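Encoded as structure tokens, the structure appears first; notes follow it.
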Amino acid sequence: MLSPPLLVTITLFFSLPFIFFFAPQILPPAPFTFTISDDLDDLALFTRASRAAHSVSTTSHLGTINPKPKIAFLFLTNTNLSFAPLWEKFFQGNRDLFNIYIHSDPSVHITPPGGVFSDRFIPSKKTFRSSPSLIAAARRLLANALIDDPMNQYFALVSQHCIPLHSFRFMYRSLFGNELTILTSFAFSQSNYKSFIEILADEPNLYDRYVGRGEHAMLPEVTFDEFRVGSQFFVLIRRHAVSVVRERRLWKKFRLPCVTEEPCYPEEHYFPTFLSMEDPNGCNGFTLTRVNWTGCWDGHPRLYTAPEVSRELVFELRQSNFSGYDYMFARKFSPESLAPLMDIADDVIFRD
Ligand SMILES: *[C@@H]1O[C@H](CO)[C@@H](O)[C@H](O)[C@H]1NC(C)=O
Ligand SMILES: *[C@@H]1O[C@H](CO)[C@@H](O)[C@H](O)[C@H]1NC(C)=O
Ligand SMILES: *[C@@H]1O[C@H](CO)[C@@H](O)[C@H](O)[C@H]1NC(C)=O
């Protein structure tokens, strides 16, 4: 006869496989956690990027040939790049002025778009909505672009739902100014150019997001007074791209999983908080990516559909309240919007 405690132990022991088998169906999904090995891979990449950036900044002024500065376009996606044909048109004729880098969730089967997007995929990892995996993906894009080409001077993060609102030339002129003939890459790195990143301190649910990882989880690195929010999509200058891939202190906190019911959207906080602490005067506190949050409560902005695409919509979306700058990109558009957007590409979007 077995003693009752032993019986309980044996029963528990044999039920373990069942618990493991059924637990995924019974328990809510575990919060996303960032593993040590993910972090080590990234750390090696970020160290390489930081070294590459350092060696360029100490030698670039010695060169006699000074090619024009470039814009790095960083595509962060977990589905097909439906607007690839529109972007293709955007890039046409500007071969020496841009580079493309794509971070694509490896667990999703996407169709490589070809053309200017051929061979532009960087080593990527799985991403999850409103999790630190999106911060890591954006940093991988910045690091790859820093290593790849020292002429990359602006780094524009976009998603598969973003569309261009102006021609490439217009955007290039807006970002670099009009003195392109004399503006060398070295001159640019020494100048007062600023990043375009939204940095807000007065959002109503900011405190809930601050305590999303636990009440004192962000201390002492980030006090609530230092905590900021802004759009996930930004255009950074090279100096800031380097700071971001070198950053370790805040990442230690932002990589922690959210523990509250409400999502805490770390990707909307890490970059604005870090840059506002590091170099507030080097940032324009606004983004160049237009998004419409009117009437949206579930964390998804308004999705424009094909019948809504028109010349008037493009004109309206371009308009900003930022002195001297139009919006350059807009999101989100449904994949079916491609056809009507292509119809107005030459006559409306890229005529400016
Ligand atoms: C991407 O597009 C291809 C071809 O149109 C389609 O078969 C595939 O399912 C799409 N993938 C995703 C993730 O939507
Ligand atoms: C933003 O979305 C709201 C609600 O759907 C809509 O009424 C408004 O016209 C949109 N604004 C623009 C600029 O498209
Ligand atoms: C610009 O400011 C006006 C007045 O505050 C506001 O009605 C409008 O929505 C703003 N436009 C954009 C694009 O934010």
Single residue of L76, L142, L86 found to be in a helix (DSSP H, G or I) and within 18 Å of the chain's Cα centre (by Cα): L142
Take the conditions assigned to a loop (DSSP other than H, G, I, E, B), at pLDDT below 95, closer than 25 Å to D42 by Cα and not hydroxyl-bearing (S, T, Y) and apply them to P112. Does it pass? yes
One residue is enough: does the range 298-317 have a residue meeting the conditions within 26 Å of R139 (Cα to Cα), in contact (Cβ under 8 Å) with a residue 12 or more places away in the chain and within 12 Å of ligand 3 (Cβ to nearest atom)? no
Could you identify the single residue in S118, S107 that is farther than 22 Å from K332 by Cβ and among the hydroxyl-bearing types (S, T, Y)? S118
Can you name every residue in the range 301-324 that is away from ligand 2 (no atom under 12 Å from the Cβ) and more than 17 Å from I349 (Cβ to Cβ)? P307, N321, F322, S323, G324
Does the range 284-303 hold any residues that are charged (D, E, K, R) and surrounded by 13 or more Cβ atoms within 10 Å (Cβ to Cβ), and which are they? R290, R302
Determine if the range 333-342 includes at least one residue that is within 19 Å of the chain's Cα centre (by Cα) and under 23 Å from H161 (Cβ atoms). yes
What single numbered condition from (1) farther than 18 Å from L76 by Cα; (2) away from ligand 1 (no atom under 16 Å from the Cβ) fails to hold for E336? (2)
Can you find a residue in the range 272-283 that is of a type outside the set (V, I, T), at pLDDT 95 or above, surrounded by fewer than 17 Cβ atoms within 10 Å (Cβ to Cβ) and within 16 Å of ligand 1 (Cβ to nearest atom)? no
Condition broken by A330, with the remaining ones in (1) within 14 Å of ligand 2 (Cβ to nearest atom); (2) assigned to a loop (DSSP other than H, G, I, E, B); (3) within 30 Å of S243 (Cβ to Cβ) satisfied: (2)
Restricting attention to the range 146-156, and to residues there that are touching a helix residue (DSSP H, G or I) at 6+ places or on another chain (Cβ under 7 Å) and aliphatic (A, V, I, L, M), which single residue is farthest from A241 (Cα to Cα)? M151
Right, E316: out of contact with any helix residue (DSSP H, G or I) (no Cβ under 9 Å at 6 or more places or on another chain), part of a helix (DSSP H, G or I) and of a type in the set (D, E, K, R) or not? yes
Residue that is within 16 Å of ligand 2 (Cβ to nearest atom) and of a type outside the set (A, V, I, L, M, F, W, C), where the choices are H103, H161, H109: H161
Checked the range 278-297 for anything on the phi < 0 side of the Ramachandran plot, part of a loop (DSSP other than H, G, I, E, B), free of Cβ contacts under 8 Å to residues at least 60 places away in the same chain and not hydroxyl-bearing (S, T, Y); matches are D279, N292, W293, C296, W297
The range 228-263, residues that are touching a Pro at 6+ places or on another chain (Cβ under 9 Å) and either β-branched (V, I, T) or under 11 Å from V211 (Cα atoms) (or both): V229, C258, V259
Meets criteria (away from ligand 3 (no atom under 16 Å from the Cβ) and in contact with a Leu (Cβ under 8 Å, 6 or more places away or on another chain)) for K332: yes
Could you tell me which of the residues E261, E267, E215, E203 is surrounded by 18 or more Cβ atoms within 10 Å (Cβ to Cβ) and not in a strand (DSSP E or B)? E267
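Residue by residue, here is whether (1) more than 19 Å from the chain's Cα centre (by Cα); (2) modelled with pLDDT of 95 or more; (3) within 16 Å of ligand 1 (Cβ to nearest atom); (4) under 27 Å from T47 (Cβ atoms) holds:
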{"site": "E215", "(1), (2), (3), (4)": "yes, no, no, no"}
{"site": "E226", "(1), (2), (3), (4)": "yes, yes, no, yes"}
{"site": "H240", "(1), (2), (3), (4)": "no, yes, no, yes"}
{"site": "R255", "(1), (2), (3), (4)": "no, no, no, yes"}
{"site": "C296", "(1), (2), (3), (4)": "yes, no, no, no"}
{"site": "Y304", "(1), (2), (3), (4)": "yes, yes, no, no"}
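The values are calculated or read from the model by the stated rules, or taken from the named source; none is laboratory data. Quantities reported herein were computed from a predicted structural model and do not represent experimental measurements. Here Cβ is always computed from backbone atoms with ideal geometry, including for glycine, and neighbour counts include all displayed protein chains.
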